[in-house]
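Below is one structure; the comments refer to it alone.
Any read-out appearing in this document is the output of simple, stated calculations on the displayed coordinates, not a laboratory observation. Predicted model, so just to flag it, every value in this text is computed and none were measured. Cβ placement follows ideal geometry from the backbone for every residue including glycine, while neighbour counts extend to all protein chains displayed.
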């Protein structure tokens, strides 16, 4: 690898994307890693988190930097606290997580190969760094659009109560 390919990401160059009530800082994107990896810092407010979903073509790890989240698969709930790492393997199960506390949670998400970052960029909207979006429920049109984009990037979204 040539020295010119080494990259440092600083706070001023990070793009922050809003999806639902959460904010996602794209620290390393698909283009920067030649499609091999994406690293995303997730700021998840109380009661926030993604709906159940699955992705057969990539694996992801969640490292809890601050707070805690409840990770859920069919018939299984795991409380992940600060310092815990959760790994969703390739061809992994339908899963989701929720911040069930009264404080924000902050996670570092590593995805290999990349693509989740592209989904966020296309499905979400840019917001100022360090902020959370207004918690406005999505419209039916926004939900249908998110499902189409998720499919484009190898994901399938399920209803909010799918794992209950």
Among 54, 34, 66, whose mean-square fluctuation peaks in a Gaussian network model of the chain (Cα, cutoff 10 Å)? 34
In the Gaussian network model of the chain, springs joining C-alpha atoms below 10 Å, which of 49, 115, 35 carries the largest mean-square fluctuation? 35
Using the 10 angstrom Cβ neighbour count as an exposure proxy, how do 131, 73, 16 rank, fewest first? 131, 73, 16
Once the piece of chain linking residue 41 and residue 101 is laid out straight, how much longer is it, given 0.36 nm per residue of separation minus the C-alpha distance between them? 19.7 nm
If you work out Kirkwood radius over Cα pairs in Å from the coordinates, which of [x] 16.6; [y] 19.7; [z] 16.1 do you get? [z]
Folded to 0 to 90 degrees: helix 140-152 orientation relative to the chain principal axis, Cα: 50
Between 80, 38, 23, find the one with the highest GNM mean-square fluctuation for the chain; connect C-alpha pairs within less than 10 Å. 80
Here the relative contact order (percent) of the chain, from C-alpha pairs under 8 Å and at least 6 apart, is 31
What is the distance in Å between the Cα centres of the stretch 46-98 and the stretch 1-41? 20
If R₀ is 30 angstrom, what is the calculated FRET efficiency for the pair residue 126 and residue 77, using the beta carbon separation as r and rounding to 0.05? 0.35
Based only on other Cβ atoms within 10 Å, what is the fewest-to-most ordering of 152, 98, 126? 126, 152, 98
With n ≥ 4 as the cut-off for DSSP H runs, can you work out [θ] at 222 nm for the chain, using -39500 (n - 2.57) per run divided by the number of residues, rounded to the nearest 500? -4000 deg cm²/dmol
Fewest to most neighbouring Cβ within 10 Å: what's the order for 95, 147? 147, 95
